[in-house]
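Colleague: My questions all concern the structure below.
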Amino acid sequence: MGRRRAGRAVLGAPLGLVLAVLPVVPAGAGGDDAAPYGQPTTRCEITDPRLPELSGLASAGDTMLAMDDGGDRAEVYVLDGSCAVGEVRSADVDPYDPEDLALASDGTIWLADTGDNNQDRETVALIGLRPDGSHTLTRLTYPDGAHDAEALLLAPDGTPYVVTKEVLGASAVYRPDAPLADGATVPMSEVLRLGFTLTGTPGGPVGRAGQLLVTGGAVSPDGQRIALRTYTDAYVWPLAGSDVVGALGGAPARVALPESPQGEAITFAANSRDLLVSGEGLPATVTLLPASGALEPAAVTGPAEDASAEGAPARSVSPLTAGLVAALAATALVWVVGRFRRRQQN
């Protein structure tokens, strides 16, 4: 969520879409689906008044990069081990609603200006802050209308992926159709759909629906893991090469995150295994979740085929799974409609 918060989209996806997506099923689901992560500890607390709405984190060696959700200038804050702000990197760009960031191998910091609570933007943007102080801005368009998105995944080969934030958990993954170019407008294609389901983990500003809403993403510094988070949980997939689509098509490890009023940021620590998470509000606790088990690398596959809504390869979903997804979707729909009606009456 960002500085332009006049309203919130009532429905992020039609009910029928939920039954057509690929369910995000944790490894070992139906039994022990505990992620290979140990007990969370506090790494440090962010108290700088310039970061009241922390939305994105990225590891950069011994430091972290942090961005605020809002403002009238593209700015990234460099945090030391105690979460104190040192250097500030900025560009003379007024973003609409920046939501996430990622650090490229060449040192460029990419800001995902993709927030769109009202789903009315004609374009979104990726802003690159280069190490030499220059910047680039590429506008992006969706093939199927506006979406709200708060997660950016930057593959090891530099390809960006935008993951949408959907009320019913039916998140879509989009990839630009051409390389990013300063001043250009590049169309995107949908390459995958993911179906997040209720987990029972408390937290977030919107009750149980927060368990379905993707609020951040990260790729590990060594390029071997992907993470997406909701307000309440983190999901981690092994990654081989730059096959992000293939990785997200597999079973992730899920870890319940410590309860937070509005958790939106996630990154891997410098060791590429531990997770760091945080969120909005001051002081903002940066929580470390230490890796305590092996997350095996994904099998190397060929170039991933696009899995758009109409051209996706068929995926087998059992009747039990389909029924469960339908029931969860109905529950979420009732919750959203009830909330909308209460707002109309006020």
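To keep it simple, each residue is scored yes or no on (1) among the hydrophobic types (A, V, I, L, M, F, W, C); (2) at pLDDT 70 or above; (3) in contact with a helix residue (DSSP H, G or I) (Cβ under 9 Å, 6 or more places away or on another chain).
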site: Gly7; (1), (2), (3): no, no, no
site: Leu11; (1), (2), (3): yes, no, yes
site: Ala27; (1), (2), (3): yes, no, no
site: Ala60; (1), (2), (3): yes, yes, no
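Colleague: Among the residues of the range 151-180, how many are open to solvent by 40 Å² or more (accessible area, probe 1.4 Å) and within 13 Å of Leu140 (Cβ to Cβ)?
Modeller: The qualifying residues number 5.
Colleague: Name every residue in the range 235-256 that is of a type in the set (A, V, I, L, M), surrounded by fewer than 24 Cβ atoms within 10 Å (Cβ to Cβ) and within 23 Å of Ala112 (Cα to Cα), in order of residue number.
Modeller: Val245
Colleague: If I ask for residues that are open to solvent by 10 Å² or more (accessible area, probe 1.4 Å) and closer than 19 Å to Thr164 by Cα, which ones from the range 219-229 would you list?
Modeller: Val219
Colleague: Which residues, taken from the range 181-218, are polar (S, T, N, Q) and under 20 Å from Pro160 (Cα atoms)?
Modeller: Residues satisfying the conditions are Thr185, Ser189, Thr215.
Here is a yes/no grid of residues against (1) in a loop (DSSP other than H, G, I, E, B); (2) open to solvent by less than 60 Å² (accessible area, probe 1.4 Å):
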residue	(1), (2)
Met67	no, yes
Gly86	no, yes
Tyr96	yes, no
Asn117	yes, yes
Arg121	yes, yes
Leu126	no, yes
Thr138	no, yes
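The values are calculated or read from the model by the stated rules, or taken from the named source; none is laboratory data. The model shown is predicted, which means the values in this text are computed figures rather than measured ones. Cβ sites come from the backbone with ideal geometry, for glycine too, and all protein chains shown count toward neighbours. Ligands, DNA and RNA are stripped out before the accessible areas are found, and what is left, the full protein with its side chains, is counted by its heavy atoms. Shrake-Rupley method; radii C 1.70, N 1.55, O 1.52, S 1.80 Å.
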